[in-house]
Amino acid sequence: MYYISTMNALLSLCSALLLLASSALVEAFVLPTQSTTKTAVNPPRSCSRCYVAPDNVAETDSQEDILKKMEAAKQILYRAAETKQEDADTVVDALLDLEKLSRKANKVDPSQSEKTLNALSEGGVDWRLIFTTGTVDTQRKLGGTKINYFPIKATQSFDSTTQDEWLIQNGIGVGDLELIKFQGDFDWNLSEKSGLTKLTFDFTSIHLFNGFFDIALKKGEAASLGAKSGLGSANNVELEKRGKRAFFNWISADDQIATARGGGGGLALWKRV
C-alpha cells in the first residue's frame with residue numbers, strides 16, 4: 001500500500017512538473033495576439049533567405065520534381081532546427097507546403113513512406129522537439145496565438161527494428177536529468193489513395209528521474225495525463241474512449257529533421273540529435 005501511495009505521489013509530482021513547464025511555455029514563448037485578418041499567402045518579403053513556396057504541384061509532376069520541391073521547403077526548416085531564429089510564420093508556411101508535397105510523393109511512389117519510416121526509426125537516434133504550433137485546442141485557448149520554438153528539452157525516439165512491437169519513447173528533461181519518459185508501441189500505416197502516413201501509438205509505462213521509478217500505465221491513463229499537462233491533445237482522450245489510438249500524420253524524416261501533424265491538429269518540427 002505504501003509503495004502504491006508513493007508511486008501515485010511521484011506520478012502526481014511529474015504531472016505537476018509537466019503542467020508547470022507547459023504553462024511557462026504558454027506565457028513566455030507564444031506570439032503576441034495578432035489581428036485575425038487574412039493576408040495573402042506567402043507575401044513578398046525583403047529577406048533574401050526567406051522561404052518562397054513552390055508552385056502548385058501538378059498531377060503530371062514526376063516524383064523527381066516533387067522531391068526537389070520538398071527539398072526546397074526543407075531548407076528553411078533545416079535553418080530553423082539549427083538556429084531557432086527563422087520567422088515562425090515562414091516556418092509554418094514551409095511545414096504546410098512540405099505536408100502537401102509529402103502526400104503527393106507517397107501517392108506517386110508508396111515506397112517513399114517506407115524510406116521516411118527508416119529515417120525516423122533506424123539507427124537508435126533521438127529527435128528533439130524544436131518547433132510546434134501547439135494543438136488546435138491550445139491555439140483556441142490562447143486566442144489564436146501560436147506556440148513556436150519549444151523552450152524545454154523534449155525528445156522522442158522510435159525503433160522499428162524490434163521483432164515484436166515497435167518501440168516509441170517520449171521524454172521531458174533538464175540537462176542530463178530525464179524527469180519523465182513515456183514508453184509504448186507504435187504502428188505505421190500508409191493510405192496509398194490519399195498518400196497519408198499515419199503513426200498510431202499508445203504508451204504503456206512511465207519512467208521517472210532517469211528510470212529510478214517505473215510505473216505501468218492502465219489503459220487510457222497516458223492520454224489523460226497528456227491532456228491535463230497541455231503536452232497532449234484532449235482529442236486523444238476521446239479516441240481512447242472509442243477504442244482508437246493516438247496518432248501523428250507523419251510528414252517527413254531524413255538525416256537532419258523530422259516533421260509531423262499531431263492528432264490535435266498542430267504541426268511540429270524535430271531535430272535529429
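In terms of other Cβ atoms within 10 Å, LYS244, LYS193 run from fewest to most in the order LYS193, LYS244.
How high is the FRET efficiency between LYS218 and THR162 when r is their beta carbon distance and R₀ equals 30 Å, given to the nearest 0.05? The pair LYS218/THR162 has a calculated efficiency of 0.80. May I ask which of LYS115/LYS244; LYS100/LYS271; LYS153/LYS193; LYS153/LYS198; LYS104/LYS271; LYS84/LYS219 have a Cα-Cα span longer than 30 Å here? Checking Cα-Cα distances, LYS153/LYS193; LYS84/LYS219 exceed 30 Å.
Neighbour counts of C-beta atoms inside 10 Å place ASP109, ASP176 in the sequence ASP176, ASP109, starting with the fewest.
Each residue in LEU177, LEU77, LEU167 was given a count of other beta-carbon atoms within 10 angstrom of its own, and listing them fewest first yields LEU177, LEU167, LEU77.
Each value in this text was obtained by applying a stated rule to the coordinates, not by laboratory testing. What you see is a predicted model; the values in this text were computed from it and never measured. Note: ideal-geometry Cβ built from the backbone for every residue, glycine included; neighbour counts use all protein chains shown.
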